[in-house]
Amino acid sequence: MTQELIYSVTGIALFAIGLFGLIVAGHIVRKLVAINMMGIGVFMLFLATALHGPDTVDPIPHALVLTGIVVAVAGTCLCLWLAISISKLDNEKRKNPQQ
Amino acid sequence: MTLQFIAPYLLPAIVTVPLLAAICNFLMASHHPRLALNALFGLAQVLLAGLLLIALSLPDTVVEMRYILAGWSAPLGIELIADGLAAILLMTTAVLYLVLSVYSALYFTDKNKGARFWPLWWLLATGLNGVFLAGDAFNIYVTLEIIGLASVALIALSGDRAALVAALRYALVGLLGSLCYLLGVALLYRAYGTLDLAQLASLAEANPLTWAALSLISVGLLLKTALLPLHFWLPPAHASAPVPVSAVLSGLVVKASFYLMVRFWLDILPVATTTLALQLLGVLGTAAIFWGCISAYRAHRLKVMVAYSTVAQVGYLFLLFPLSATSIDAWKVSGGALAAIVYFVVAHALAKSAMFIAAGNIMFSYRHDDIDGLRGIVREQPLDVFTFAIAGASLIGLPPSAGFIAKWLLLGGAISSGQWWWAAAILFGGLLAAAYIFRFLNVVFDQSQAAELSAQRHARPVPLTMALCGLALAVMAILMGFNAGWMLELLSVSAAVSA
């Protein structure tokens, strides 16, 4: 059981747990947490792959993970903004039901 | 000679020009409506795509359509590559963008919405062009996310609750799809130590890791392509987006992920595909054709009907996989299944955009799109109904439209490969498409109470240019049917370049 294998298996497990959460969770914030967990699972697998080579640590997976994190942040922000906009509309409707 | 000199720089230019357009539009937030600027960028994109097509079809020169960004070659660097398939899709994107940019300049009368629309609109084009030219598996992930995030923001632009909910759902599906794809790429990188598509193609072997990677990549891409049963997000998203956005989502965005399916299954990892899996994709495609057509027939709103029609048309695209299964080497040959599908993609992109514009104009005029409330509008909106009808003819596959040629080639492929059951699905699907299109035409041509209904409705006149934009696209879909040769030739040229 090498370090690399532990990281890889944990990464795939995180992806699976996140996927389960995404399907089961009802609240949008929970869904977003689940999606981010899936992302972290993939990133861990990439980082474990960096150790996969024979001698030196491979730098490419680190660059990929960095890009992936940026994309994940952008996606999460957009989803949160959409969720906030929807709840604002719902609150307004609750205050003035006649509109 | 000149063309050979500039040809390598075409590829980065095709990605950079729409990005430049996005930045220009972002900086010019106070200007309105920006018709000239965006038409100019649209023309530039058409010009670049045209030059690429010419460069690829030069008979005597083997132009290496490959650009290594910043001089870092694979596996470390990122490459852009183009073949005939990519060039045709780039041209389709460019033409649609030109027409729809003109349309959008008239459609977005609200200054605030316009200011938010244009940068996202061109960012979406950047992502699309990037996908078609990508030569690197991770670069595909980034461009897919650019497309996804820009599409979500564009859908949300409508601002009403239905659009926001549809956008949120689309965002979640998009992120899920991208992560599945990325996990597949991680497995590929682990197995082969490269992200370059050409290197992957030469290194790939049929083993459980490659199968797992291809399955994950496919699930991710099928979610984004909305193949049944992963189509649930498409109708609300495409139906509630602003009109030009709906047109691009149905016409181009689902095709981008389909294009990647074609690349991965037939070009990069054909060793990992099995006949059973290829047949399964065909079965899902057939189910999508039937379910999409039936749902379209039962839809109450016009835009929902057009969106379900996209679910059905996406189904046809997946018939490519079983039809190419019998002769994997022959798939690139002109007249083969791939040629049929490329024809289908282009025909559908043109016809569906035209149809969304016609539906959007009708909605603009009556402020709703309940099909039952549109009884007898043909006298008030003759041009839009005409556009709808000829775009519909191409979707059904009536001669001489491009849709007819596409289905004819597909039928040929089904018969010649001895898989007649797909031919039955294609023919029956055409009948079902005719059912929903004629259901709508039946309603709008019904003149029984025309005078009194028209008095109640207070139609707002549609600007002529907006109607003509739709008509132009629909006419192009018909004209493509008259001249099938050049595109088929180009595809066969591409085989030599990409091989």
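I'd like the distance separating the alpha-carbon centroids of segment B:86-124 and segment B:251-278, in whole Å.
When both Cα centres are located, 27 Å separates them.
From the backbone phi of segment B:135-142, what are the Karplus-calculated ³J(HN,Hα) couplings (6.51 cos²θ - 1.76 cosθ + 1.60, θ = phi - 60°) in whole Hz, Gly and Pro given as x?
For segment B:135-142, the Karplus-derived couplings read x, 8, 5, 6, 4, 4, 4, 5 Hz, x marking Gly and Pro.
Summing Lys, Arg as +1 and Asp, Glu as -1, what charge do residues with Cβ under 14 Å from the Cβ of A:Leu89 carry, A:Leu89 excluded? Present the calculation step by step, with values, prior to reporting the outcome.
On the way: positive: A:Lys88, A:Lys93, A:Arg94, A:Lys95, B:Arg161; negative: A:Asp90, A:Glu92, B:Asp160.
So the environment of A:Leu89 carries a net charge of +2.
Which residues' amide hydrogens lie under 5 Å from the amide hydrogen of B:Leu398, considering only partners 5 or more residues apart or on another chain, with H built in the peptide plane?
Here B:Phe404 satisfy the definition.
Per 10 Å bin, what percent of the C-alpha pairs of chain B does each bin hold, from zero upward?
4, 21, 32, 27, 12, 3, 1, 0
Arranged from highest to lowest average of other beta-carbon atoms within 10 Å per residue, in what order do the peptides A:76-83, B:120-127 appear? Could the numbers behind the result be given before it?
Values: A:76-83: 18.4, B:120-127: 25.4.
Averaged packing, sorted descending, gives the order B:120-127, A:76-83.
Determine ³J(HN,Hα), in whole Hz, for all residues of segment B:296-304 in sequence, where each value follows from phi through the Karplus function 6.51 cos²θ - 1.76 cosθ + 1.60 and θ = phi - 60°; x replaces Gly and Pro.
Whole-Hz 3J(HN,Hα) from phi for segment B:296-304: 5, 5, 8, 5, 8, 9, 4, 5, 5.
Can you work out the PRE-style zone for B:Leu209? Point 7 Å along Cα to Cβ, and I want the residues of segment B:241-276 with backbone N under 19 Å.
Under 19 Å, as judged by backbone N against the label point of B:Leu209, lie B:268-273 of segment B:241-276.
³J(HN,Hα) across segment B:254-271 via Karplus (A = 6.51, B = -1.76, C = 1.60, θ = phi - 60°), whole Hz, x for Gly/Pro?
Those phi angles translate into 5, 6, 4, 6, 5, 4, 5, 4, 4, 4, 6, 7, 10, 10, 9, 10, x, 5 Hz.
Sticking with the crude label model, points 7 Å out along Cα→Cβ, report the distance from B:Glu489 to B:Asp110 in nm, one decimal please.
Between B:Glu489 and B:Asp110, the simple spin-label model gives 4.9 nm.
How tilted is helix B:2-27 with respect to the longest principal axis of chain B? Cα atoms for both, answer in degrees (0 to 90, nearest 10).
50
Report the FRET efficiency, 1/(1 + (r/R0)^6), for B:Phe290 and A:Gln3, where r is their Cβ-Cβ distance and R0 is 60 Å, rounded to 0.05. Intermediate results must be reported in sequence, preceding the final value.
Details: r = 51 Å, r/R0 = 0.86.
That pair, B:Phe290 with A:Gln3, gives E of 0.70.
Around B:Ala239, under 11 Å between beta carbons, what's the net of Lys plus Arg minus Asp minus Glu among the other residues? Don't skip to the answer; put the middle values down first.
Numbers: positive: B:Arg301, B:Lys303; negative: B:Asp369.
Local charge sum for B:Ala239: +1.
If R0 is 45 Å, what FRET efficiency do you get for A:Ser87 and B:Ser416 from their C-beta distance, rounded to 0.05? It would help to have the intermediate numbers written out before the result.
On the way: r = 56 Å, r/R0 = 1.25.
For A:Ser87 and B:Ser416, the calculated efficiency is 0.20.
Can you give me the pair-distance distribution of segment B:349-393, C-alpha pairs, 5 Å bins, whole percents?
Calculated over all Cα pairs of segment B:349-393, the distribution is 6, 24, 33, 26, 9, 2 percent.
Please compute, for peptide A:60-72, the average count of beta-carbon atoms on other protein chains lying within 10 Å of each residue's beta-carbon.
On the way: counts 7, 4, 0, 2, 9, 1, 0, 5, 8, 0, 2, 11, 4.
That works out to 4 on average.
Taking only the alpha carbons of the protein assembly as shown, what extent do you get along each of the three principal axes, in Å, biggest first?
Principal axes ranked by extent give 82, 64, 49 Å for the Cα atoms.
Rounded to the nearest 500, what is chain B's calculated 222 nm mean residue ellipticity when only DSSP H runs of at least 4 contribute -39500 (n - 2.57) each, over all residues?
Values: 21 runs with 367 residues, N = 499.
Computed ellipticity for chain B at 222 nm equals -25000 deg cm²/dmol.
Assuming R0 = 35 Å, can you tell me the calculated FRET efficiency for the pair B:Asn442 and B:Asp160, based on Cβ-Cβ distance, to the nearest 0.05?
Working: r = 30 Å, r/R0 = 0.85.
Approximately 0.75, to the nearest 0.05.
Averaged across orientations, what area in nm² does the convex hull of the alpha carbons in chain A project? Write out the running numbers ahead of the final one.
Numbers: hull surface 30.2 nm².
If I average the Cα hull's projected area over directions, I get 7.5 nm².
About the Cα centre, and with charges only on the beta carbon of Lys, Arg (+1) and Asp, Glu (-1), how big is the dipole of chain B? Nearest 20 debye, please.
Once rounded to the nearest 20, the dipole reads 1100 debye.
Shape verdict for segment B:85-165, please, from the Cα gyration tensor: rounded (a/c under 1.5), prolate (a/b greater than b/c) or oblate.
Values: a/c = 2.82, a/b = 1.49, b/c = 1.89.
Cα axes put segment B:85-165 in the oblate bin.
If each of A:Val33 and B:Thr465 carries a label point 7 Å out from its Cα toward its Cβ, how far apart are those two points in nm?
Result for the modelled spin labels: 5.1 nm.
Relative to the longest principal axis of chain B, what angle (0 to 90°, nearest 10) does the C-alpha long axis of helix B:402-416 take?
Roughly 50 degrees, rounded to the nearest 10.
Residue by residue through A:33-46, how many Cβ atoms from other chains fall within 10 Å of the Cβ on average? Don't skip to the end; give the middle numbers.
Working: counts 0, 2, 6, 2, 0, 6, 5, 0, 3, 11, 2, 1, 6, 7.
Averaged over the peptide's residues, the number is 4.
To test your reading of the geometry: what angle, between 0 and 90 degrees and rounded to tens, separates the Cα axis of helix B:382-396 from the longest principal axis of chain B?
Here the helix axis deviates by roughly 40 degrees.
Read the figures in this text as sums done on the coordinates, not as results from a lab. The structure presented is a predicted model; accordingly, all values stated were derived computationally and were not measured. All Cβ positions, glycine included, derive from the backbone under ideal geometry; neighbour counts span all protein chains shown.
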